[in-house]
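A.B. asks: The structure's right below; bear with me while I get my questions together.
The values are calculated or read from the model by the stated rules, or taken from the named source; none is laboratory data. Computed from a predicted model, the values in this text were never measured in an experiment. Please note: Cβ atoms are built from the backbone with ideal geometry, for glycine as well, and neighbour counts cover all protein chains shown. Each accessible area value is taken on the protein alone, full model and side chains, heavy atoms only, with ligands, DNA and RNA left out. Shrake-Rupley method; radii C 1.70, N 1.55, O 1.52, S 1.80 Å.
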Amino acid sequence: MNKSHYNKLFKVFINEITSTRDAGQKEYAHSEDNVFANFERVAESLDITREKALMTYLLKHIDGIKAYIKGHKSQRESVSGRITDAIVYLFLLWAMIEENECITTQTKKQEKC
């Protein structure tokens, strides 16, 4: 695949990721005020961190991707859907980390987020 073709695909992928993120926000978070609401509800129910809750969901998709790579092509969800979901979860984890670091930074009064 050449770079031009990849760049076009990349734009399609980003649009798909954005669409999946937006749909997931409505379906799971139930709030535009807190994009982490679903993970926080699960975390509270299981007495774990929201990051561990997110990781559990992410690993489900990683497991499906791994099965696809090992040759298990027939799955309930397409491998591209699993990859998209995994990317969305990684972005959410990144945002959690950013928020956690902001809170830590604010506590140390080094900078305001």
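A.B. asks: Out of the residues in the stretch 60-83 that are farther than 21 Å from A23 by Cβ and among the hydrophobic types (A, V, I, L, M, F, W, C), state the one that is most open to solvent (accessible area, probe 1.4 Å).
C.D. replies: I69
A.B. asks: Also, I was wondering about something else. Considering the stretch 56-79 alone, what residues qualify as being more than 14 Å from the chain's Cα centre (by Cα) and among the hydroxyl-bearing types (S, T, Y)?
C.D. replies: Correct list: Y68, S74, S78.
A.B. asks: Next question. Sort out which residues of the stretch 69-89 are assigned to a helix (DSSP H, G or I) and more than 17 Å from N34 (Cα to Cα), and write them in order of number.
C.D. replies: I69, V79, S80, G81, R82, I83, T84, D85, A86, I87 - these are the residues of the stretch 69-89 that are assigned to a helix (DSSP H, G or I) and more than 17 Å from N34 (Cα to Cα).
A.B. asks: Looking at (1) free of Cβ contacts under 8 Å to residues at least 12 places away in the same chain; (2) over 19 Å from R82 (Cα atoms); (3) open to solvent by 50 Å² or more (accessible area, probe 1.4 Å); (4) of a type in the set (A, V, I, L, M), which is the one condition that is false for V35?
C.D. replies: (1)
A.B. asks: Picking from E16, E44, E27, which residue would you name as being open to solvent by 80 Å² or more (accessible area, probe 1.4 Å), touching a Ser or Thr at 6+ places or on another chain (Cβ under 7 Å) and part of a helix (DSSP H, G or I)?
C.D. replies: E16
A.B. asks: For the stretch 24-40, give me each residue that is out of contact with any helix residue (DSSP H, G or I) (no Cβ under 8 Å at 6 or more places or on another chain) and closer than 19 Å to W94 by Cα.
C.D. replies: Residues satisfying the conditions are Q25, D33.
A.B. asks: Tell me which residues, restricted to the stretch 84-99, are out of contact with any Gly (no Cβ under 8 Å at 6 or more places or on another chain), among the aliphatic types (A, V, I, L, M) and surrounded by 12 or more Cβ atoms within 10 Å (Cβ to Cβ).
C.D. replies: A86, I87, L90, L92, L93, A95, M96
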